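A.B. asks: The structure that follows is given in the form of structure tokens.
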Amino acid sequence: DFGRSSELAFVVEPSDDIAVQEQPLILYCQVEGIQPITITWRKNGVMILDNENAFMLANGSLYVSRFQRVRGDGSSDEGEYDCMAQNHYGLVVSRKAKIQAATMSDFHIHPQNAVVEEGGVARFQCQIHGLPEPVILWHKNSMPVNTDNERYTLLPKGVLQITGLRAEDSGIFHCVATNIANVKFSREARLTVSGSHSTVYKDPMILVGPENLTLTVHQTAVLECIATGNPRPIVSWSRLDGRPIGVEGIQVLGTGNLMISDLTVQHSGIYVCAANKPGTRVRRTAQGSLVVQAPAEFVQHPQSISRPVGTTAIFTCVAQGEPPPQITWLRNGQILETSDHIKLKNNNSTLSIHGINQADEAIYQCLAENSAGSTQASARLTVLWADGLPSPPQGVRAETVSATTIQVSWEKPLQNTKEIIGYVLHIRKAADPVEMEYQEAVSKSTFQQLVTDLEPSTSYSFYIKAYTSRGASKASEVTVVSTLGEVPAMPSLFIKVINSTTVQATWEPSIKLGQHKGFKLYYRKVHLSQYTGPVLLASNVTAYNITHLDASVVYEVKLLAYNQHGDGNSTVRFVSLREAMERTVVNPPCDCMKDEQNNKTSTTGIIIGIHIGVTCIIFCILFLMFGYRGRLLMCKNVQEQLSTPQIPRSQRSATGLVLNGATCRDRDDRDLNGKQLDMNELERLFPASPSQEQQEKGITSAHSPSAPHDETQISTLPLDEFSIIEEQPDPVPKNPRGSSPAALAPNHGPANEG
């Protein structure tokens, strides 16, 4: 039931047909709906009146008693017919049925004589135009050709192919064309098969390639391709776009003709026939295009709807086909005219009716048509109207408040006001279409509304509706008013000192300024009250030089934009030429060439410095690594080589010796296992030179005058030989006098006990 109005719709519509001269013709039309229903017929848009030749049957069909292509008065029964049905709900129109007369022309291509050697390929062709398409059969020697012979291939377009010719194939051939209009015979052609089968090599050659075809879906396409050569070439097919041809509905006729049954739009494309020499890459190609058209059909039908007065009704009708169909809307059988409240969008797929009223109640039809066919669907709009609704609001007035605000006021309706639950104010730019309208709801006790966020210098239209729980009133009268103009915004202003007597004022053009005619520039000395100006500047000017100024005073510069509504707010800047010139003297302009050379020199110095720094860091790390490792090895070697005699505890030093700033305390604790080095033995093994003992930088010994028996004599060792630490031995018994051992350290003075 999609696409049908329950009140009135077609069950059967007339279809395209081919009529036979002097024979009767019936065009069917069946309608369902609410009676009474009146059916009428049109041909080429003109009403058909009942007459002896054409009249309507009781079931609504049209009967033509004797179809004639051309009548005595010059008229014709050929044309486009449609059926119209009407009841008190509306009127609908059927699809257009194209009626043509059956005809057959004379042959415009006849078969030609041919002489072909044995084993070769013969091809005969005859062509004739007719409606419907004539069926062409072939006769040999006045007898129908035996189609069971696999070497004989008959193509629908009047082509006969004979492959692997033999002597018995010689004969006289002609074709017979038949349709409902006539039967016609072509001229005869003789086929002569000469000689014996040749063994001479011949390159592959395509005798006839595929033609360009335009067909409709569900029809059958035959793409011809016949090739010769020795050895016989292999014929193959492909699509130029690389897509596969597929296998469903595909058949090969004869030795290389491609037949595609039940065509779809996806079969459209360019087909390539290739003739290949077996076992080689030698090939010849030919190509032809296939265009498959599809009649218009609906993807989405319009649906019947019911809407209250004053609301919006939308019908959607989406159709597809190849080529894409054109959509036309009808209202009660007449072409729908668009207006302020009737709009078509999305390539006529969407019909919108804004602010509907009782006059819009009708049956609306969507007609989709292309070169392959047409179709129609209908839907009814029912306008809901309840008795006792309020009358339209009265006295609607609109007053401009500002550039962006308008106040709208009204008075309550004259009739049926008790059930009013509120008002709706409809707002729209006067230049915009109706669908751009928006609404603001107002309580039932309010009779004015301040409409804000409007655009300056713009005309707006307003109307009011009163709403009840059962529906809305009719719209009030429309009032149109414009907002005030708006002055331009503040421009951005920059001041630049050119010299001791000249400054340059610059500003940037901006959309935020709005519509402006130009700029006004003022300037003055700050201690004066009178401005110089205004200097009037065009809207496209963005800079102005102020000259003949006094360098000893401060100036005030003011800039504003103006338009027909007045002057905008100004931007003010202050400038002192003296300070600017002093800064110029203190900071003279740079010598660009010199600075560039200095920059190059500085850059080179930085690079060299970085390299030197990195090199130093690497050497320091290596020095520390190898130096630390060497000191550890030297400590271990010395400890292993020296014998450590036991000495009285009283002679053991309680101090630690540090040489060359390095310590082996942790390693000595683990490796010596409590053994102490005898300082006297070290002194005996490594005597110090006199010169070293006299140097102030040597390591000095500490003497304790109060405890001479605890004195430790220390020799200075060459730093490049080794480093050693004398660790403190096991805890010494507490001194009876309460004194503690003295500690010795490099570059320190003597330390006394106690």
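The values are calculated or read from the model by the stated rules, or taken from the named source; none is laboratory data. Please read these numbers as outputs of a predicted model, since none were measured by experiment. In this analysis, Cβ positions are derived from the backbone assuming ideal geometry, glycine residues included, and neighbour counts consider all displayed protein chains. SASA here: full protein model, heavy atoms, side chains in, ligands and nucleic acids out. Shrake-Rupley method; radii C 1.70, N 1.55, O 1.52, S 1.80 Å.
A.B. asks: Scan region 190-209 for residues that are surrounded by 20 or more Cβ atoms within 10 Å (Cβ to Cβ) and either over 26 Å from Ala286 (Cβ atoms) or over 60 Å from the mean Cα position of the chain (by Cα) (or both) and jot them down.
C.D. replies: Scanning region 190-209 gives Leu191, Val193.
A.B. asks: Evaluate the following for Ala296: is it under 30 Å from Thr350 (Cβ atoms) and either among the acidic types (Asp, Glu) or open to solvent by less than 50 Å² (accessible area, probe 1.4 Å) (or both)?
C.D. replies: It is true that Ala296 is under 30 Å from Thr350 (Cβ atoms) and either among the acidic types (Asp, Glu) or open to solvent by less than 50 Å² (accessible area, probe 1.4 Å) (or both).
A.B. asks: Against the conditions (1) at pLDDT 90 or above; (2) open to solvent by less than 20 Å² (accessible area, probe 1.4 Å), where does Gln394 fall short? Just the number, please.
C.D. replies: With (1) at pLDDT 90 or above; (2) open to solvent by less than 20 Å² (accessible area, probe 1.4 Å) applied to Gln394, the lone miss is (2).
A.B. asks: Something else now. If you take the residues in region 475-523 that are open to solvent by 80 Å² or more (accessible area, probe 1.4 Å) and over 39 Å from the mean Cα position of the chain (by Cα), which one is modelled with the lowest pLDDT?
C.D. replies: Here the residue is Lys517.
A.B. asks: Based on this model, can you work out whether Gln407 counts as part of a strand (DSSP E or B) and outside the structural domain of Ala561 (by the TED database)?
C.D. replies: Answer is yes for this residue.
A.B. asks: Collect the residues in region 359-388 that are in contact with a His (Cβ under 7 Å, 6 or more places away or on another chain) and not aliphatic (A, V, I, L, M), keeping them in residue-number order.
C.D. replies: Result: no residue meets the conditions.
A.B. asks: Follow-up. Within the bounds of region 135-151, is there any residue that is under 30 Å from Asp17 (Cα atoms) and in contact with a Leu (Cβ under 6 Å, 6 or more places away or on another chain)?
C.D. replies: The answer is yes, given that some residue of region 135-151 is under 30 Å from Asp17 (Cα atoms) and in contact with a Leu (Cβ under 6 Å, 6 or more places away or on another chain).
A.B. asks: Taking region 171-184 only, how many residues are surrounded by 14 or more Cβ atoms within 10 Å (Cβ to Cβ) and not in a loop (DSSP other than H, G, I, E, B)? Write out each step before concluding.
C.D. replies: Step one: list which residues in region 171-184 are surrounded by 14 or more Cβ atoms within 10 Å (Cβ to Cβ), which gives 171-182, 184.
Now drop any that are not not in a loop (DSSP other than H, G, I, E, B), which leaves 171-178, 184.
Going through region 171-184 one residue at a time, the tally reaches 9.
A.B. asks: Output the residue which, of all residues in region 417-442 that are without any contact (Cβ under 8 Å) to a residue 40 or more places away in the chain and farther than 12 Å from Ser461 by Cα, is surrounded by the fewest Cβ atoms within 10 Å (Cβ to Cβ).
C.D. replies: Once the filter is applied, the top-ranked residue is Lys418.
A.B. asks: What are the residues in region 322-354 that are in a loop (DSSP other than H, G, I, E, B) and either assigned by the TED database to the domain that holds Tyr467 or in contact with a strand residue (DSSP E or B) (Cβ under 8 Å, 6 or more places away or on another chain) (or both), if any?
C.D. replies: Of everything in region 322-354, those that are in a loop (DSSP other than H, G, I, E, B) and either assigned by the TED database to the domain that holds Tyr467 or in contact with a strand residue (DSSP E or B) (Cβ under 8 Å, 6 or more places away or on another chain) (or both) turn out to be Pro323, Pro324, Pro325, Asn332, Gly333, Leu336, Thr338, His341, Asn347, Asn348, Ser349, His354.
A.B. asks: Hey, could you check region 324-368 for residues that are more than 19 Å from Arg307 (Cα to Cα) and among the hydroxyl-bearing types (Ser, Thr, Tyr) and say which is most open to solvent (accessible area, probe 1.4 Å)?
C.D. replies: Here the answer is Thr338.
A.B. asks: Here is a further query. Return the only residue of Ser445, Ser461 being among the polar types (S, T, N, Q) and buried (at least 16 other Cβ atoms within 10 Å of the Cβ).
C.D. replies: Every option except Ser461 fails the conditions.
A.B. asks: Do any residues in region 223-238 that are farther than 17 Å from Pro210 by Cβ have Cβ atoms under 7 Å from those of residues that are among the aromatic types (Phe, Trp, Tyr) and open to solvent by 30 Å² or more (accessible area, probe 1.4 Å), where the two are at least six apart or on different chains, and which pairs are they?
C.D. replies: Between residues of region 223-238 that are farther than 17 Å from Pro210 by Cβ and residues that are among the aromatic types (Phe, Trp, Tyr) and open to solvent by 30 Å² or more (accessible area, probe 1.4 Å), the close pairs are Asn230/Tyr201.
A.B. asks: Exactly one condition in (1) without any contact (Cβ under 8 Å) to a residue 12 or more places away in the chain; (2) outside any loop (DSSP other than H, G, I, E, B) is not met by Thr280; state its number.
C.D. replies: (2)
A.B. asks: In region 301-321, what count of residues is obtained for those that are outside any strand (DSSP E or B) and under 14 Å from Ala379 (Cβ atoms)? First the steps, then the outcome.
C.D. replies: Of the residues in region 301-321, the ones outside any strand (DSSP E or B) are 301-304, 309-312, 317.
Within this subset, residues satisfying the condition of being under 14 Å from Ala379 (Cβ atoms) are 301-304, 317.
Of the residues in region 301-321, 5 are outside any strand (DSSP E or B) and under 14 Å from Ala379 (Cβ atoms).
A.B. asks: Exactly one of (1) outside the structural domain of Ala275 (by the TED database); (2) of a type in the set (Val, Ile, Thr); (3) surrounded by 13 or more Cβ atoms within 10 Å (Cβ to Cβ) is unmet by Val217. Its number?
C.D. replies: Going through (1) outside the structural domain of Ala275 (by the TED database); (2) of a type in the set (Val, Ile, Thr); (3) surrounded by 13 or more Cβ atoms within 10 Å (Cβ to Cβ) one by one, Val217 breaks only (1).
A.B. asks: Would you mention how many residues in region 468-486 are among the polar types (S, T, N, Q), closer than 30 Å to Ala431 by Cβ and in a strand (DSSP E or B)?
C.D. replies: Total satisfying the criteria: 2.
A.B. asks: Looking only at region 54-70, which residues are open to solvent by 30 Å² or more (accessible area, probe 1.4 Å) and over 16 Å from Ala101 (Cα atoms)? Step through it out loud before you land on a result.
C.D. replies: Start the filter on region 54-70 by keeping residues that are open to solvent by 30 Å² or more (accessible area, probe 1.4 Å), which leaves 55-59, 63, 65-66, 69-70.
Once the filter is applied, which keeps residues that are open to solvent by 30 Å² or more (accessible area, probe 1.4 Å) and over 16 Å from Ala101 (Cα atoms), region 54-70 yields Phe55, Met56, Leu57, Ala58, Asn59.
A.B. asks: With the structure loaded, tell me whether Asn569 is in contact (Cβ under 8 Å) with a residue 60 or more places away in the chain and open to solvent by 30 Å² or more (accessible area, probe 1.4 Å) or whether it fails that test.
C.D. replies: Against the criterion (in contact (Cβ under 8 Å) with a residue 60 or more places away in the chain and open to solvent by 30 Å² or more (accessible area, probe 1.4 Å)), Asn569 qualifies.
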